[in-house]
């Protein structure tokens, strides 16, 4: 009887894990591209370079010594690759033989027939893992991702849309990244979307050096252009020590060095001290309330004992957190209450194995109108898989091991679970973070950096998602920089001093002295990209500076660059902006 029970258990496990691990998961022999990463680029974790293939000449240039990480290929229902005019450049199999192992193909789908052809292609070759599909029609990418769950997808956004809607639409249709035109890829939108686990690629509308520099300055994870060599030229012009984007400051369990972990006080302290995210852990009580606690029992951090999931909320509330000043054990609603009215994202880690927690979570988030301010992480892959059904619009991350050695396996479970990577930082490296993840439209999220030195090392490595126990160490660090509206100058040149607005992690903006990085004379005004340096060098997206007597065309902040005339491009030396050695 015991042997029969064990055999039945094994069969059930295989049946349950099948959908999670992938019905047709690629083998260990899957072709993974070795993406090109030039050593000469001075920027820390610069955006990946994506080529939008619009003609045969561009296609034939992709596999030289300098090459893009990804190539956007217009793909039709016959399995052919088309140019920008709809003419056939060759079959995908012919094109892929050229790209294999060097450049990651991204199939741009325009209709149902193209989506069906992509499904056939992926089903016929189970080793074809390193490929993504792209479309501005969410239902097309969802079809591919549903039929071949190991696949990757990118949602192209072509109209003005609320960033919260972009995130929800992308995740619900199983896209791991989004492609925005420069007009929509403002620095604010990019940071909002990337704070919710979705990488942003920006499609250059102006491929001049100024326009491409402006794309980089948005902080996007990738820049797409027909002239991929021009993007590399621009990336080489940034100064040593430039930061492509400020990392996200994820307060792990709140502020555990000065407050009770997983507490309201710790959440409030994290917000006050510059956290962009607060990570807490949750279990479900016996009367279906979500309680915030790291362990399954209350033994380690309270004055009581007992397993949370065998207790009622009233029983849980009879005990106190006692690592610091005694306080109540919080519910999910109380943590949400501490975050409401802020732009801080809740990172909710599901510790429970009780599927009912997801139904309660959905109910609580809807009641609190908090669906757009939360992401979910877990090491329980069954729970992550169920999230696709219960809360399909909320981005998730798997906190299990991911590394360069397990890249093929990682891509498989990312696809099947519709999730992303949030792994222990000791598993990673710059090569994995950039060549493994970034170049595939995946933001690396890592845990847990315990002290100031560890956080600094994460900055230096260019890691974007940094879960740490010392969120206050970043309180006075620069998070973003933007142009100062209403600035007026009769003359302007690269290197000139110019005021900028510096936003620090702990909040508030101060006017500081920056310098012009690039400028362009547009008659009655200048188009400017400015730089500001403290520990690192940050850049503004393009903004306007008026000439005397000119009328502002808007608020004076960011500008579109689609119709700009030829730029005056004179990068200045590093000493002009800093005047001192940068600390690394």
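The values are calculated or read from the model by the stated rules, or taken from the named source; none is laboratory data. Note that the structure is a prediction, hence the values are computed from the model and not measured. For neighbour counting, all protein chains shown are included, and Cβ atoms are generated from backbone atoms with ideal geometry for every residue, glycine included.
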- Message: Looking at the structure I just gave you, is residue 138 touching a helix residue (DSSP H, G or I) at 6+ places or on another chain (Cβ under 7 Å) and surrounded by fewer than 24 Cβ atoms within 10 Å (Cβ to Cβ)?
- Response: yes
- Item | Positions within segment 192-207 being assigned to a loop (DSSP other than H, G, I, E, B) and out of contact with any strand residue (DSSP E or B) (no Cβ under 8 Å at 6 or more places or on another chain), in sequence order | 206
- Given the structure, is residue 88 surrounded by fewer than 21 Cβ atoms within 10 Å (Cβ to Cβ), outside the structural domain of residue 443 (by TED's automatic domain parsing), farther than 18 Å from residue 442 by Cβ and modelled with pLDDT of 95 or more? yes
- Task: Residue by residue through segment 344-365, note down the ones that are outside any helix (DSSP H, G or I) and either on the phi > 0 side of the Ramachandran plot or out of contact with any helix residue (DSSP H, G or I) (no Cβ under 8 Å at 6 or more places or on another chain) (or both).
- Result: 347, 349, 351
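Kindly indicate the residue of segment 216-232 that is out of contact with any strand residue (DSSP E or B) (no Cβ under 7 Å at 6 or more places or on another chain) and more than 30 Å from residue 172 (Cα to Cα) and also surrounded by the most Cβ atoms within 10 Å (Cβ to Cβ) among those meeting that condition.
Within segment 216-232, the first condition is being out of contact with any strand residue (DSSP E or B) (no Cβ under 7 Å at 6 or more places or on another chain), and the residues that meet it are 219, 227, 229-230.
From the residues that got through so far, the ones that are more than 30 Å from residue 172 (Cα to Cα) too are 227, 229-230.
Values: 227: 16, 229: 15, 230: 18.
Among those that are out of contact with any strand residue (DSSP E or B) (no Cβ under 7 Å at 6 or more places or on another chain) and more than 30 Å from residue 172 (Cα to Cα), it is 230.
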- Query: Name the residues in segment 444-462 that are under 19 Å from residue 534 (Cβ atoms) and in contact with a helix residue (DSSP H, G or I) (Cβ under 8 Å, 6 or more places away or on another chain), would you?
  - Reply: 452, 455, 458, 461, 462
- Could you say which residue among 441, 495, 486 is touching a helix residue (DSSP H, G or I) at 6+ places or on another chain (Cβ under 9 Å) and at positive phi? 495
- Residue check, residue 121 part of a helix (DSSP H, G or I), more than 25 Å from residue 230 (Cβ to Cβ) and touching a helix residue (DSSP H, G or I) at 6+ places or on another chain (Cβ under 8 Å): yes
- (1) more than 22 Å from residue 43 (Cα to Cα); (2) buried (at least 20 other Cβ atoms within 10 Å of the Cβ): which one isn't true of residue 239, the others all being true? (1)
- Message: Can you go through 45, 80 and tell me which one is outside the structural domain of residue 460 (by TED's automatic domain parsing), at pLDDT 95 or above and over 28 Å from residue 122 (Cβ atoms)?
- Response: 45
- Item | The one condition in (1) surrounded by 24 or more Cβ atoms within 10 Å (Cβ to Cβ); (2) more than 30 Å from residue 61 (Cα to Cα) that residue 213 fails to fulfil | (2)
- Task: Can you confirm whether segment 153-173 contains a residue that is touching a residue at least 60 places away in the same chain (Cβ under 8 Å), in a loop (DSSP other than H, G, I, E, B) and closer than 20 Å to residue 416 by Cβ?
- Result: no
